[in-house]
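In what follows, a structure is listed as structure tokens, so that the remarks can point back to it.
Throughout, read-outs are computed from the coordinates displayed, never taken from laboratory work. None of these values were measured; they are calculated from a predicted model. A quick note on method: Cβ atoms are made from the backbone with ideal geometry, for glycine too, and the neighbour counts reach across all protein chains shown.
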Amino acid sequence: MKPRRGLGRSTHHPFHLPWIDAGNLTDNESSADDVVRETGWVFNNETGDELTLEKFVKTGENEVRLFLRLLQLEKFPFATSTLIEIGSGIGRMTAAFTRRFNKVIACDVDSAFLERCRQTVAAFGRVDGLTTSHVADGKSLPIADKSVDMAFSYITLQHCQTRDALGLIGEAIRVTRQGGLIVLNFRTWVKGDVLLVPLGYLIRSMWRLPLIGGSLSRWRWSTRLGWQANRLKPDTVLAEFENKLDKIRIFHSVKRSLSVTTKATVEVLPTNRINPSHWWLVAQVS
Ligand SMILES: C[S@@+](CC[C@H](N)C(=O)[O-])C[C@H]1O[C@@H](n2cnc3c(N)ncnc32)[C@H](O)[C@@H]1O
């Protein structure tokens, strides 16, 4: 039996609690399929007794293929490149990345996810190309400057406290070599956020309460409300980082407009099949 990981709720950053709680569920002797049935929803929102790791990884493969196409990245020299994936979880997309890239560094705030990520990649990817790296403080990547060719993150930055999300963007730029790419996914404002964001704040503030807090950061409905952590607009991100980037492209859904007023030269590309509440920053590190 493995020793239990630190469960001192008061020692954890409140924004990290649902991931640590889900991570604790993965940190047991259950089979990989059981782990997906119990915790898979925190990664792709699917539930059900029929879920298997194979089906879960298939959703990751499909999304990797889709996003590389939508974000016009298909000609990237994957086979000779190193990717860092920020917020890899248990490897839903990581397995697909290891089949394309020479090396992949999977990073996550939860260390138990990273252990499961290694197992996922061993079963469905290329484990000899994988290293994992724990983002213990939720904002710093323990990786050398200019050591990767692409930094990628999907449905992760939206779950971080704003200052941690901005910290991770800065880190993505720092660890990417000059001329390499950052490919980062964000969530921005939609009408429903008028309710969702304050409710999220309320639920998060209850995650540390004795008795009920532990359940609130594990139940699906309350976790999904509480992790509505930030909404970053392109202007906010670019105001901080545009001087470190070239060839900046913003991809967003054709179903909505997205204001970009920065002075930097930015190509704004309305694109089919991007979630209307999401946008992507694809840029070269200068
Ligand atoms: C919704 S899941 C998405 C996982 C993966 N990208 C996927 O699509 O399957 C978000 C992931 O981000 C991780 N995460 C949340 N906050 C983080 C932070 N501050 N630093 C690093 N990882 C974080 C969580 O542990 C979780 O694995």
Q. By a straight-distance test (C-alpha under 23 Å), which lysines pair with Lys255 as possible cross-link partners, with residues fewer than eight away in the same chain excluded?
A. Lys191, Lys233
Q. Put +1 on the Cβ of each Lys and Arg and -1 on the Cβ of each Asp and Glu in the chain; which of Thr26, Leu209, Leu53 then has its Cα farthest toward the positive end of the dipole?
A. Leu209
(Q) Counting other C-beta atoms within 10 Å, and keeping those with at most 15, which DSSP coil trypsin sites (Lys or Arg not before Pro) do you find in segment 73-164? (A) Lys75, Lys146
(Q) Can you tally the net charge around Phe101? Count Lys and Arg as +1, Asp and Glu as -1, for every other residue whose Cβ sits under 15 Å from the Cβ of Phe101. (A) +2
**Q.** Neighbour count of at most 16 Cβ within 10 Å plus DSSP loop: longest chymotrypsin sites (Phe, Trp or Tyr not before Pro)-free window in the chain
**A.** 1-188
Q. Quick one: Cα centre-to-centre distance for segment 257-286 and segment 7-73, in angstrom?
A. 27
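Restricting to DSSP loop positions (anything but H, G, I, E, B) with no more than 12 other Cβ atoms inside 10 Å of their own Cβ, which trypsin sites (Lys or Arg not before Pro) remain in segment 185-247? Walk me through the intermediate numbers first.
On the way: sites: Arg187, Lys191, Arg204, Arg208, Arg218, Arg220, Arg224, Arg231, Lys244, Lys247; in loops: Lys191, Arg208, Arg218, Arg231.
Sites meeting the loop and neighbour criteria: Lys191.
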Q: Per DSSP H run of at least 4 residues, take -39500 (n - 2.57); add these up for the chain, divide by its residues and hand me the 222 nm value, nearest 500 deg cm²/dmol.
A: -11000 deg cm²/dmol
Q: Starting from the Cα gyration tensor of the chain, take the square roots of the eigenvalues, sort them a ≥ b ≥ c, and report rounded, prolate or oblate (rounded when a/c is under 1.5, otherwise prolate if a/b is larger than b/c, else oblate).
A: oblate
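Return the FRET efficiency for the residue pair Asn102, Arg273: r is the Cβ-Cβ distance, R0 is 22 Å, and the value is rounded to the nearest 0.05. Walk me through the numbers on the way to the answer.
Details: r = 28 Å, r/R0 = 1.28.
Efficiency at R0 = 22 Å is approximately 0.20.
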Q.
How much of the DSSP bridge set in the chain is antiparallel, in percent, rounded to the nearest 5?
A. 35
Q. Whole-Hz Karplus ³J(HN,Hα) for segment 189-194, in order, using 6.51 cos²θ - 1.76 cosθ + 1.60 and θ = phi - 60°, x for Gly and Pro?
A. 5, 10, 4, x, 5, 4
